[in-house]
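Structure in structure tokens, see below.
Read-outs throughout are calculated quantities, based only on the coordinates presented, and are distinct from any laboratory measurement. This structure is a prediction, so every number in the text was calculated from the model and none was measured. As a convention, Cβ positions derive from the backbone with ideal geometry for all residues, glycine included, and neighbour counts pool all protein chains shown.
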């Protein structure tokens, strides 16, 4: 088997990348447990969120693009902020991590009928597409944000006080 | 000249400093649209009866555009869409197809024969027993009377023919029928309007009924009215058809779009057009 050395390398890499206990099993989008108010108590990854990266996700169009709809004074240097959703300046005072995680994962469990997209959901859509191509998806959908990206945004929003 | 320059600089500075949250558009939402100093356009009016419970007012997309974009539509010499109307005027008299006919062969002077047409489309066609959009009617003429190839639904030649026909109704109120034989298709279009599609789960109504007049990033959301179509869009410097725009909107919900010219988009066009009943025909309008 000529491929054996490569296969071995790949296996070693995989172990290397995912060997952290927490990273091994992020909660799958379909397995997230919401409470009756739409909150999600348990971290999706078990790894503490990185607030700096969370801020970057919020302002980056190809990632969370949160400021498209929400005004956030802490991100004022990155125009333009929308006014569709509420101002998030006091989120850290008004919401705990579980509530924020639930809203990011699927806000419709917290606010029925809200316009806000669900950032950690992969099925149950009508005419889902392949990203922004307008074409049918080629395989299973990825969530809009990864489990760790959700945790990073939770960490950033908790700093807004 | 220097004075003008410094004024512009001041405006630019004011813009840079003042609109971090408010978005880029400085729309004159109280502006009045008069074209060529004489043709008054109704850009705000009471909604048609079927929308009375949903909206207090129906508003043309012109109202939500930046002042300099609004101004481009006030004079036909400034409106880039009118260049395409001129080209379509030539198309109108050009013989095409196996029957040796042009549009003018049957319809003579476009200014007379097409006055009022755009205001009532999409419209039931008794003979064909179907709802026809303006694009469908144009292609029916081409294939059945002229023996010519149909025009591609969202391409430039179709868009400019729609513009030529639309401009003959400019200033007339949109008056699309929604009952009788068109009702079933109208209901289908209405259901589409309120269906949340794609991975972002957004319906037309989320942005254009529930959130018009608000900024999403730097874009100032309008009611998504179609009375101005075809529109000259500054961002791509050409005429855009209603179906072309619908496709872009649905795509931006991270959905698989419907096809321009499909029965689904025809139904949506009928329904959305009816939401503008009472607004003036503006095509070709100017938007960003």
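Only Cα pairs within less than 10 Å get springs; with that Gaussian network setup on chain B, which residue of B:257, B:133, B:240 has the largest fluctuation?
Taking springs between Cα atoms under 10 Å, the residue moving most is B:257.
Can you give the FRET efficiency for residue A:34 and residue B:66, using 1/(1 + (r/R0)^6), R0 = 35 Å, r = Cβ-Cβ distance, to the nearest 0.05?
Once rounded, the FRET efficiency stands at 0.25.
Separate question: Where the Cα atoms of the range B:52-203 are projected onto their three principal axes, how long is each span, largest first, in whole Å?
So the three principal-axis extents are 50, 42, 32 Å.
Output the Kirkwood hydrodynamic radius of chain B, Cα pairs only, in Å rounded to one decimal.
19.8
With labels modelled as points extended 7 Å from the Cα through the Cβ direction, what inter-label distance (nm, one decimal) is found for residue A:132 paired with residue A:111?
Calculated label separation equals 2.2 nm.
Could I ask something else about it? When the Kirkwood radius is taken over all Cα pairs of the range B:171-238, what Stokes-Einstein diffusion coefficient follows at 25 °C and 0.890 mPa s, in µm²/s?
171
Calculate the translational D of the protein assembly as shown in whole µm² s⁻¹ from Stokes-Einstein, where the hydrodynamic radius comes from the Kirkwood formula applied to all Cα pairs, the temperature is 37 °C and the viscosity 0.692 mPa s.
D = 133 µm²/s.
At q = 0.10, 0.15 Å⁻¹, what is the log10 ratio I(q)/I(0) for the range B:129-288, with the Debye formula run over Cα points and no solvent?
-0.36, -0.84
May I pose another question? Name the most mobile residue of B:29, B:272, B:182, meaning the one with the largest mean-square fluctuation, in a Gaussian network model of chain B with Cα contacts below 10 Å.
Maximum among the listed residues: B:29.
Hey, what number do you get for the protein assembly as shown at 222 nm if only DSSP H runs of n ≥ 4 count, each worth -39500 (n - 2.57), divided across all residues, to the nearest 500?
The helix contribution divided over the protein assembly as shown gives -10000 deg cm²/dmol.
Okay, next question. Measure nothing fancy, just the Cα-based angle from helix B:183-193's long axis to the longest principal axis of chain B, in degrees from 0 to 90, nearest 10.
The angle comes out at about 30 degrees.
Using Cα atoms only, what is the angle between the long axis of helix B:81-92 and the major principal axis of chain B, expressed in degrees (0 to 90) to the nearest 10?
The angle comes out at about 10 degrees.
Please report the spacing between the Cα centers of the range A:24-103 and the range B:73-149 in Å, no decimals.
If we compute the Cα centre of each part, the gap is 51 Å.
Mean 1/r over all different Cα pairs, inverted: what Kirkwood radius does the range A:57-123 give, in Å?
Mean inverse Cα-Cα distance, inverted, gives 12.5 Å.
Counting pairs of alpha carbon atoms under 8 Å apart in space and at least six apart in sequence, what relative contact order in percent does chain A give?
Computed over chain A, the figure is 30 percent.
Ok, one more. Simple spin-label model, 7 Å along Cα-to-Cβ: residue A:87 to residue B:39 in nm?
4.4
Could I have the simple spin-label model distance between residue A:73 and residue B:195, label points 7 Å from Cα toward Cβ, reported in nm to one decimal?
4.4
Given contacts defined as C-alpha pairs under 8 Å and at least six residues apart, what's the relative contact order of chain B, whole-number percent?
26
GNM, chain A, Cα, under 10 Å: largest mean-square fluctuation among A:78, A:125, A:111?
A:125
Can you bin the range A:30-161 into rounded, prolate or oblate? Criterion: square roots of the alpha carbon gyration tensor eigenvalues sorted a ≥ b ≥ c, rounded for a/c under 1.5, prolate for a/b above b/c, oblate for the rest.
It comes out oblate by the Cα gyration axes.
Express as a percent, rounded to the nearest 5, the fraction of DSSP beta bridges in the protein assembly as shown (both residues included) that run antiparallel.
Of those bridges, close to 80 percent are antiparallel.
Nearest 10 degrees, 0 to 90: what angle lies between the long axis of helix A:4-18 and the longest principal axis of chain A (Cα atoms)?
Computed tilt is about 30 degrees.
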